[in-house]
Amino acid sequence: MTTPLLEITDLQKKFPIKKSWLQPQSYVHAVDGVSLTVREGETVGIVGESGCGKSTFGRCVLRLLEPTGGEVKFQGENYLKLPRRAMHSIRRNMQMVFQNPYDTLNPKLSISRILAEPLIAHGIPRDQHRQMMEEIIEIVGLTPAHLARYPHEFSGGQRQRIGIARALMLKPKLIVADEPVSALDVSIQSQILNLLTELQEKFSLSYLFISHDLSVVEHISDRVAVMYLGEIVELADKNSLFADPKHPYTQALLSSVLSTDPDASRERIRLTGELPSPANPPKGCKFHTRCHACMEICKTEKPALKKLEDGTMTACHLY
Ligand SMILES: Nc1ncnc2c1ncn2[C@@H]1O[C@H](COP(=O)(O)OP(=O)(O)OP(=O)(O)O)[C@@H](O)[C@H]1O
Ligand SMILES: [Mg+2]
């Protein structure tokens, strides 16, 4: 088997919480031992409720946040061990697209200046910049005339095209997209998703695609990882995950979407209660406090992520 493009093993991120100096230091365990691979040209979707650690995971993968444990290998090399300055050349291959491009596009800079920044940072000779920018701006569905304009002159969908263009300038192999369409109207969402799919084919890109929206993840992913309180509870091929979810949490998430379909034969499973705090997660299976299938063992023993016959990985004592 060929080496996966990205191989993440037991990734951890703890944030210290400041309490009074008398109490022991405690932590928010935002990413709690996530292992995942992404193959070349593949899209892996990451879903889960707000606060389950999706963004922290994505940022740790790109080392925009420093993980507190684990390994991330890009083309076989664990770059968490490299000194930070050595990340520069690796980062060229891995870029991020954010939810709200307006927050990340400097309003004082023209689009050409914004797109030139990664080229300058990576020492691309200036005489090549114009041609590279014109090529990419057209690929994302804008025109070279747009390069002289400023971020406020664009619609939300166009701004996200600019955010994508910036990520593409150095022809990366992997894009971590964190809720890239969540701030957009539904009609614009599908245009951007289609653009991402076209770009994937054109450049053999791999995506780690983070979203709380199941229909968006279903549209774009090859495989889907479901996160709960910093852990992956189910990882499966897109089609099997949506047709036959195994983990009670995945079943509940899907059920909340399917409930609008009058023909849905599946029984509605309600997700009750709040997401527990990741600073003080439940013992045993972290999901047991909200699980419709909770058994005694779930309250004390943490289930391992194991492979079922159909290839689905799930962390649940039912299997
Ligand atoms: N810099 C930080 N310091 C302390 N805690 C943090 C920090 N960043 C995130 N957290 C905590 O880590 C947990 C995971 O947050 P994260 O933003 O990764 O979740 P998310 O799944 O992306 O949520 P959303 O869907 O709302 O974007 C949350 O409990 C959050 O409060
Ligand atoms: Mg987030």
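The values are calculated or read from the model by the stated rules, or taken from the named source; none is laboratory data. Keep in mind that this is a model prediction, so the values were computed, not measured. All Cβ positions, even for glycine, are placed from backbone atoms using ideal geometry, and neighbour counts span all protein chains on display. Areas reflect the complete protein model, heavy atoms only, side chains present, ligands, DNA and RNA absent. Shrake-Rupley method; radii C 1.70, N 1.55, O 1.52, S 1.80 Å.
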_Here is a check on your reading of the model: is Leu82 away from ligand 2 (no atom under 16 Å from the Cβ), under 29 Å from Gln189 (Cα atoms) and at pLDDT below 95?_
no
_Let me confirm something: among Arg166, Arg149, which residue is among the basic types (Lys, Arg), more than 24 Å from Leu208 (Cα to Cα) and touching a Ser or Thr at 6+ places or on another chain (Cβ under 9 Å)?_
Arg149
*Arg39: within 14 Å of ligand 2 (Cβ to nearest atom) and among the basic types (Lys, Arg), yes or no?*
no
*Within region 1-23, can one find any residue that is among the aliphatic types (A, V, I, L, M), within 15 Å of ligand 2 (Cβ to nearest atom) and either modelled with pLDDT of 95 or more or open to solvent by less than 50 Å² (accessible area, probe 1.4 Å) (or both)?*
no
*Find the residue count for region 174-220, including only residues that are among the polar types (S, T, N, Q) and surrounded by fewer than 17 Cβ atoms within 10 Å (Cβ to Cβ).*
8
*Scan (1) in a strand (DSSP E or B); (2) more than 16 Å from ligand 2 (Cβ to nearest atom); (3) within 24 Å of Leu196 (Cβ to Cβ) for the single condition Tyr102 breaks and write down its number.*
(1)
*asked:* Out of Ile164, Ile192, I need the residue that is in contact (Cβ under 8 Å) with a residue 40 or more places away in the chain and within 22 Å of Lys54 (Cα to Cα). Which one?
replied: Ile164
*Go through Gly156, Gly163, Gly141 for me and flag whichever is on the phi > 0 side of the Ramachandran plot and in contact with a helix residue (DSSP H, G or I) (Cβ under 8 Å, 6 or more places away or on another chain).*
Gly141
*asked:* Being open to solvent by 60 Å² or more (accessible area, probe 1.4 Å), over 19 Å from the mean Cα position of the chain (by Cα), among the acidic types (Asp, Glu) and within 30 Å of Asp10 (Cβ to Cβ) narrows it down to one residue among Glu77, Glu117; which is it?
replied: Glu77
*Considering only region 37-72, how many residues are within 18 Å of Tyr228 (Cβ to Cβ) and either open to solvent by less than 10 Å² (accessible area, probe 1.4 Å) or in a loop (DSSP other than H, G, I, E, B) (or both)?*
13
_Per-region count, region 168-186, residues within 16 Å of ligand 1 (Cβ to nearest atom) and within 23 Å of Thr37 (Cα to Cα)_ = 5
_region 80-114, residues that are without any contact (Cβ under 8 Å) to a residue 24 or more places away in the chain, open to solvent by less than 50 Å² (accessible area, probe 1.4 Å) and out of contact with any strand residue (DSSP E or B) (no Cβ under 9 Å at 6 or more places or on another chain)_ = Leu82, Ala86
